[in-house]
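**Q** Structure incoming, see below.
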């Protein structure tokens with residue numbers, strides 16, 4: 001018998017707000033193909049993520065991972081900081 005483990009979804013985005021305590025807002029940009037014209041369009045989505053140590057600053061590129069709901073709007077957790085803002 002082979003056991004299957006679920007891997008959590010992870011996304012890469014840029015921190016747009018760090019004003020909350022232990023929370024950050026990450027903007028994730030995805031490219032979606034238009035159904036009729038075929039041109040690729042940018043779609044941006046804002047996610048609220050849990051940042052336990054308050055290490056992120058505005059402009060950092062981060063990786064977030066899906067988790068159980070932590071609050072009403074927070075169901076993502078900071079995984080790692082990929083690149084610091086200049």
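**Q** Counting just the Cα atoms, what span does the chain cover along each of its three principal axes? Round to the nearest Å and put the largest first.
**A** 49, 45, 27
**Q** Also, quick follow-up: Once you keep just the Cα pairs under 8 angstrom separated by 6 or more residues, what percentage relative contact order results for the chain?
**A** 29
Just so you know, all these numbers are worked out from the coordinates, no wet-lab data involved. Since this is a predicted model, take the numbers as computed values, not measurements.
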